[in-house]
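K.L.:
Before I ask anything, let me first share the structure, which is written out below as structure tokens.
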Amino acid sequence: MPYRFTFDLSRIPRFFFTEIAKVSYQREMHKKVGKTVQRMIEKFRIQEATGLDLSDSVTLLEDLIEVQVRNIVERERFVQTKKRALFLPHCSRKFMDNRCKASFDPNIPSYICAHCSPDCAIGNAVSFGENKGYDVYVLPGGSCIPKILNSKHYEGVVGVACGEEVKAGGEVLKAMHICGQTVPLIKNGCANTAFNIESLYKTL
Ligand code: SF4
Ligand code: SF4
């Protein structure tokens, strides 16, 4: 399910995400970070940059921190997993219309990337993931995840998605005792979305 608001953090300085990682470590140490979140919103002028009100900015940052905390907690177990999947969101394809040459296989269900555009983040992520030995899926929505996990029995999953989808997917993984790592979208909106591909490469 998408957020009720749209955001674009793709122009926020990279340093912002380093701060998110630092704050996440503090949260992992059970420290309260409420005031730090407020300070970050002011420091990086998140409201001005995104047009979000304070409450939605807080939701967004808290979700980004939550995702990082889960990544930290699960990392050690994740690196020991062997059979892994990578779930990518269809909304980050370079094209959302018939210029995207991917076919869709409803039996999996997943788009099968045809690598039509060298600068497509999804095309690049598919290649990188497959080279690393992952089974890669380009999903039309998070509701496809249980079907795939029930038939393939993965030990570890890396997912790229917006915060809301990550939360829903995280619950599915937890119930199935599968280790997860997440790369959050930095621009949502269900079309032409964006994620940091370097973060994905590091996570894989
Ligand atoms: S590279 Fe793959 S996902 Fe991207 S537009 Fe082409 S076929 Fe679609
Ligand atoms: S932004 Fe992408 S991942 Fe999030 S709900 Fe929309 S289509 Fe799904």
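The values are calculated or read from the model by the stated rules, or taken from the named source; none is laboratory data. This one's a predicted model, so the numbers in the text were calculated from it and none came from an experiment. Reconstructed Cβ throughout: ideal geometry from the backbone, glycine too, with neighbour counts over all protein chains shown. With ligands, DNA and RNA removed, areas are computed over all heavy atoms of the protein, side chains included. Shrake-Rupley method; radii C 1.70, N 1.55, O 1.52, S 1.80 Å.
K.L.:
So which residues in region 22-55 are hydroxyl-bearing (Ser, Thr, Tyr), in contact (Cβ under 8 Å) with a residue 24 or more places away in the chain and more than 24 Å from residue 73 (Cα to Cα)?
P.N.:
First, the residues of region 22-55 that are hydroxyl-bearing (Ser, Thr, Tyr): 24-25, 36, 50, 55.
Restricting the remaining residues to those that are in contact (Cβ under 8 Å) with a residue 24 or more places away in the chain gives 24-25, 50.
Within region 22-55, 50 is the sole residue that qualifies.
K.L.:
Based on this model, can you work out whether residue 81 counts as touching a helix residue (DSSP H, G or I) at 6+ places or on another chain (Cβ under 6 Å) and open to solvent by less than 70 Å² (accessible area, probe 1.4 Å)? Give the derivation first.
P.N.:
Numbers: touching a helix residue (DSSP H, G or I) at 6+ places or on another chain (Cβ under 6 Å): no; open to solvent by less than 70 Å² (accessible area, probe 1.4 Å): yes.
Here the answer is no, as residue 81 does not meet what is asked.
K.L.:
Here is a follow-up. If a residue must be more than 16 Å from ligand 2 (Cβ to nearest atom) and surrounded by 12 or more Cβ atoms within 10 Å (Cβ to Cβ), how many such residues does region 86-104 contain?
P.N.:
In the first step, residues of region 86-104 are kept if they are more than 16 Å from ligand 2 (Cβ to nearest atom); the result is 98-99, 101, 103.
Of the ones still in play, those that are also surrounded by 12 or more Cβ atoms within 10 Å (Cβ to Cβ) are 101.
Here the count works out to 1.
K.L.:
Right, next: When the residues of region 105-128 are narrowed to those that are free of Cβ contacts under 8 Å to residues at least 12 places away in the same chain and farther than 22 Å from residue 196 by Cα, which ends up most open to solvent (accessible area, probe 1.4 Å)?
P.N.:
Restricting attention to region 105-128, the residues satisfying the condition of being free of Cβ contacts under 8 Å to residues at least 12 places away in the same chain are 105-107, 118.
Still in the running and farther than 22 Å from residue 196 by Cα: 105-107.
Details: 105: 49, 106: 83, 107: 122 Å².
Filtering region 105-128 for residues that are free of Cβ contacts under 8 Å to residues at least 12 places away in the same chain and farther than 22 Å from residue 196 by Cα, the one most open to solvent (accessible area, probe 1.4 Å) comes out as 107.
K.L.:
Right, next: Applying the selection to region 1-44, what residues are at pLDDT below 85 and of a type in the set (Ser, Thr, Tyr)?
P.N.:
3, 18, 24, 25 - these are the residues of region 1-44 that are at pLDDT below 85 and of a type in the set (Ser, Thr, Tyr).
K.L.:
Sticking with this one: Provide a single number: the residues in region 1-46 that are open to solvent by 40 Å² or more (accessible area, probe 1.4 Å), assigned to a helix (DSSP H, G or I) and either in contact with a Phe, Trp or Tyr (Cβ under 9 Å, 6 or more places away or on another chain) or within 16 Å of ligand 1 (Cβ to nearest atom) (or both).
P.N.:
Residues that pass the stated criteria total 2.
K.L.:
Follow-up. Let me spell it out: the conditions are (1) modelled with pLDDT of 95 or more; (2) over 30 Å from residue 46 (Cα atoms), and residue 89 meets all of them except one. Which number is the exception?
P.N.:
Single failed check for residue 89: (2).
K.L.:
For region 50-73, name all the residues that are farther than 15 Å from residue 21 by Cβ and within 21 Å of the chain's Cα centre (by Cα). Before the answer, list the steps.
P.N.:
First pass over region 50-73, keeping only residues farther than 15 Å from residue 21 by Cβ: 50-60.
Result: 50, 52, 56, 57, 58, 59, 60.
K.L.:
Let me ask something else about it. Specify the residue that is farthest from residue 171 (Cα to Cα); the eligible residues are those in region 111-146 that are within 16 Å of ligand 2 (Cβ to nearest atom) and not hydrophobic (A, V, I, L, M, F, W, C).
P.N.:
111
K.L.:
Just checking, which of 200, 185, 204, 139 is among the aliphatic types (A, V, I, L, M) and farther than 24 Å from residue 6 by Cβ? Talk me through it step by step, then tell me what you get.
P.N.:
On the way: 200 fails: farther than 24 Å from residue 6 by Cβ; 185 fails: farther than 24 Å from residue 6 by Cβ; 139 fails: farther than 24 Å from residue 6 by Cβ.
From the options 200, 185, 204, 139, the qualifying one is 204.
K.L.:
Restricting attention to region 177-190, and to residues there that are in contact (Cβ under 8 Å) with a residue 40 or more places away in the chain and buried (at least 19 other Cβ atoms within 10 Å of the Cβ), which single residue is farthest from residue 12 (Cα to Cα)?
P.N.:
To start, the set of residues in region 177-190 that are in contact (Cβ under 8 Å) with a residue 40 or more places away in the chain comprises 179-182, 184-190.
From what's left, buried (at least 19 other Cβ atoms within 10 Å of the Cβ): 179-182, 184-186, 188.
Values: 179: 30, 180: 26, 181: 23, 182: 20, 184: 15, 185: 13, 186: 9, 188: 14 Å.
Filtering region 177-190 for residues that are in contact (Cβ under 8 Å) with a residue 40 or more places away in the chain and buried (at least 19 other Cβ atoms within 10 Å of the Cβ), the one farthest from residue 12 (Cα to Cα) comes out as 179.
K.L.:
Give me the residue from region 131-176 that is assigned to a loop (DSSP other than H, G, I, E, B) and over 19 Å from residue 203 (Cβ atoms) and, out of that set, least open to solvent (accessible area, probe 1.4 Å).
P.N.:
Filtering region 131-176 down to residues assigned to a loop (DSSP other than H, G, I, E, B) leaves 132-134, 140-141, 153-155, 162, 176.
When the remaining residues are screened for being over 19 Å from residue 203 (Cβ atoms), the result is 140-141, 153, 176.
Values: 140: 52, 141: 19, 153: 129, 176: 63 Å².
Applying the filter and picking the extreme gives 141.
Residues checked against (1) within 16 Å of ligand 1 (Cβ to nearest atom); (2) in contact with a Lys or Arg (Cβ under 6 Å, 6 or more places away or on another chain):
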site	(1), (2)
93	yes, no
107	no, no
149	no, no
156	no, yes
173	no, no
180	no, no
184	no, no
198	no, no
204	no, yes
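K.L.:
Looking only at residues that are more than 16 Å from ligand 1 (Cβ to nearest atom) and β-branched (Val, Ile, Thr) in region 158-171, which one is nearest to residue 64 (Cα to Cα)?
P.N.:
Filtering region 158-171 for residues that are more than 16 Å from ligand 1 (Cβ to nearest atom) and β-branched (Val, Ile, Thr), the one nearest to residue 64 (Cα to Cα) comes out as 166.
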